[in-house]
1. Based on what the data block shows, is Ala26 within 15 Å of Ile107 (Cβ to Cβ), modelled with pLDDT under 90 and surrounded by fewer than 17 Cβ atoms within 10 Å (Cβ to Cβ)?
2. How many residues are modelled with pLDDT under 90 and open to solvent by less than 40 Å² (accessible area, probe 1.4 Å) if we restrict to the stretch 36-80?
3. Out of (1) open to solvent by 50 Å² or more (accessible area, probe 1.4 Å); (2) modelled with pLDDT of 85 or more, what's the single condition that is false for Ser20?
4. Could you count how many residues in the stretch 73-107 are assigned to a loop (DSSP other than H, G, I, E, B) and free of Cβ contacts under 8 Å to residues at least 12 places away in the same chain?
5. I'd like to check something: does the stretch 88-100 contain any residue that is open to solvent by 50 Å² or more (accessible area, probe 1.4 Å), over 11 Å from Leu12 (Cβ atoms), within 12 Å of the chain's Cα centre (by Cα) and of a type in the set (Lys, Arg)?
Amino acid sequence: MEKFLQIAPHSLAIVLSRVSTEEAAAVTEKLQHHHTGYEIFADFKAENMQHFWNKKVTDAISETFFLGWIDEHVLLIQGKEDHLEVLREGWTRRALKPPRGFEIKCI
């Protein structure tokens, strides 16, 4: 079985789940109110642009684009394959941060 499943060329599906802490509840409530995948993607980018110590992750995040939001838990992003590979590696090393109010279940 392959470690990653490709849905579309140059794309990455990030499966999220909501966290249930009190602090995250307010953030999650706000995101549910707006209910747009693009805002969750923007928060994902903002959280991960803080990797000033890892220029590869910062560069990869800055070059990704919002592709879609499926079933309120799957964020689809698009970018060059090299950048997506950096994000996959970041996730396996637990260095990739989820959007506020969520956790990354798998990529």
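1. On the way: within 15 Å of Ile107 (Cβ to Cβ): no; modelled with pLDDT under 90: yes; surrounded by fewer than 17 Cβ atoms within 10 Å (Cβ to Cβ): yes.
So Ala26 fails the test.
2. Residues meeting the conditions: 3.
3. Of everything listed in (1) open to solvent by 50 Å² or more (accessible area, probe 1.4 Å); (2) modelled with pLDDT of 85 or more, Ser20 misses just condition (2).
4. Residues that pass the stated criteria total 2.
5. Filtering the stretch 88-100 down to residues open to solvent by 50 Å² or more (accessible area, probe 1.4 Å) leaves 89, 92-94, 97, 100.
Still in the running and over 11 Å from Leu12 (Cβ atoms): 89, 92-94, 97, 100.
Going one step further and asking which of them are within 12 Å of the chain's Cα centre (by Cα), we end up with 97, 100.
If we keep only those that are of a type in the set (Lys, Arg) too, we end up with 97, 100.
Checked the stretch 88-100: at least one residue is open to solvent by 50 Å² or more (accessible area, probe 1.4 Å), over 11 Å from Leu12 (Cβ atoms), within 12 Å of the chain's Cα centre (by Cα) and of a type in the set (Lys, Arg).
The values are calculated or read from the model by the stated rules, or taken from the named source; none is laboratory data. None of these values were measured; they are calculated from a predicted model. When we count neighbours, we look across all protein chains shown, and the Cβ atoms used for this are built from the backbone with ideal geometry, even at glycine. When the accessible area is computed, the model is the full protein with side chains, heavy atoms only, and any ligands, DNA or RNA have been set aside. Shrake-Rupley method; radii C 1.70, N 1.55, O 1.52, S 1.80 Å.
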